Amino acid sequence: MNWLAEIHLRQAGRCLMVLMPVLLLWVISGDALWLRAAVMAVATLIGVERVHLAPAGVLLQALAVTMGFLLLFFALQQPVLFVLGCGLMAAAAIGLSAFGRKLRSLGNFVFIPALYLACETAEGLVPAQFAAHAWHFLPYMLISMLPVLLLSLIEHHRRGRQQAAGMWRHYLCWRHQRDAGEAMPVAAAMLAVGLAVACAAALVEWQQLGHGQWVVWSAASVVTGDVLSSRRKLRDRGLGALIGVPLGIGIGSLLPHTPVMYALVALASVTTLVSFHRYIVGFAARCTCVACALILLNESAMVASERLVNVLLGGVIGLGFVLLVDRLLPAPRIRVA
């Protein structure tokens, strides 16, 4: 395989560009929260790249991620609320496809960073610490989004000089393109993903699974709108994890276990969200980076292997509910992702 041909060089370069300020802030301060907040920068960059968000749209997405983070973070104190919150947010992510196929990515990259940041921030906390940690982390999230906002402003300004619309009207629009793709039938997919994610979140809370956000998101990820594509998505994620996790454990064992190396691998893991043409290659690279990062934190290979188990577990739950809903609602449907 020609690995260089698999890399989307333009998107990888833009991702590295918006992550450089985050890396610089970490170097200056030594505060690992900057590395965690980097997911906000990549999520909003995906909004710009795939959904063509204008600056107002970037701000709206950042606000939605922030509100989702607070909702899921505080809901973690009450498992029932967390299960309901995850299910409703996952269903809403697919529901956006009713207004245009391209908007599914926007919904996904509100739910993903909100879920990831909520679970990571809550790890090891007791209820009395939740409020202080939430408000402390919010500035990290918002500052990490600023490079993407600046990039969007520059590109939007250039477009404005070529358009006849007034500047106020130009800057108040939330997307560059009106076409969001064809509207998709989403009722069955919303039902499947809501049930799958709620079931996955309930299992995570019941069994107190480590890195449970991987199970929850994997359950949502394989719900693509029809059985065939859901099976393909589960296959791609399973193969990616099967290849990436052992590779990451091996690489992590060879690399020096230093904060700088961990920071580079952690940032590399979020760049894989946009840096590859094919999903299976990008997911394998992401699993490699995640497993490697855990080894660099001196976690055991068993802990790093949780990535593989959680991906497969969540994927099987997701596909199971796709099959169930397809049996209950067998009408023909168009895939939404």
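Taking the inverse of the mean 1/r over every pair of distinct Cα atoms in the chain gives a Kirkwood hydrodynamic radius of 20.4 Å. Residues whose amide H falls under 5 Å from that of F276, counting only those 5 or more places apart or on a different chain, are H8, with hydrogens built in the peptide plane.
For the chain, list the DSSP H helices whose alpha carbon atoms reach 20 Å or more along the long axis and whose average Kyte-Doolittle value is 0.5 or above? Show your work: numbers first, answer last.
Values: long enough: 9-29 (30 Å, 1.51); 33-51 (27 Å, 1.44); 55-75 (30 Å, 2.00); 79-95 (24 Å, 2.11); 103-122 (29 Å, 1.06); 130-161 (46 Å, 0.54); 187-207 (30 Å, 1.73); 227-254 (40 Å, 0.52); 279-296 (25 Å, 1.98); 306-328 (33 Å, 1.47).
Flagged H segments are 9-29, 33-51, 55-75, 79-95, 103-122, 130-161, 187-207, 227-254, 279-296, 306-328.
Residue ranking by accessible heavy-atom surface, 1.4 Å probe, largest first, among I154, I28 comes out as I28, I154. Computed from the C-beta positions of L150 and V316 and an R0 of 35 Å, the FRET efficiency is 0.25 to the nearest 0.05. Its Cα gyration tensor gives the range 1-107 an equivalent ellipsoid; the semi-axes, largest first and in whole Å, are 26, 22, 14.
Shown here is the pair-distance distribution of the range 220-287: with all Cα-Cα distances grouped in 5 Å bins from zero up to the longest one, the shares run 3, 17, 20, 23, 17, 10, 6, 3, 1 percent. Here the range 178-296 is treated as an ellipsoid with the same Cα gyration tensor; its semi-axes, largest first and in whole Å, are 30, 18, 13. Surface analysis of the range 256-322 yields an accessible area of 39 Å² per residue, using protein heavy atoms and a 1.4 Å probe. Farthest towards the positive end of the charge dipole of the chain, among the residues G124, G57, L308, is the Cα of G57, using unit charges on the Cβ of Lys, Arg, Asp and Glu. Spherically averaged projected area of the convex hull of Cα atoms, the range 260-307: 3.1 nm².
The accessible area of R50, taken with all protein chains in place and a 1.4 Å probe, comes to roughly 90 Å². A Cβ-based charge dipole, computed about the Cα centre of the range 1-136 with Lys and Arg at +1 and Asp and Glu at -1, lands at about 460 debye.
For a protection proxy built on the mean count of beta-carbon atoms within 10 angstrom, sort 32-42, 291-301, 215-225 highest first, please.
215-225, 32-42, 291-301
If the elastic network links every pair of Cα atoms under 10 Å, which of T272, T258, T288 fluctuates the most in the Gaussian network model of the chain? Looking only at T272, T258, T288, the largest GNM fluctuation is found for T258. For the chain, modelled as a GNM whose springs connect Cα atoms under 10 angstrom apart, the maximal fluctuation among L191, L312, L228 occurs at L228.
Near R175, the amide H atoms lying under 5 Å from its own belong to A54; only residues 5 or more places off or on other chains count, and H is placed 1.01 Å from N. Each principal axis of the Cα atoms in the range 192-257 has its own extent, and those three values, largest first, are 43, 30, 12 angstrom.
The values are calculated or read from the model by the stated rules, or taken from the named source; none is laboratory data. Quick caveat: nothing in here was measured; it's all calculated off a predicted structure. Glycine gets a Cβ as well: all are built from the backbone with ideal geometry, and neighbour counts include every protein chain shown. Ligands, DNA and RNA are excluded from the accessible area calculation, which covers all protein heavy atoms including side chains. Shrake-Rupley method; radii C 1.70, N 1.55, O 1.52, S 1.80 Å.
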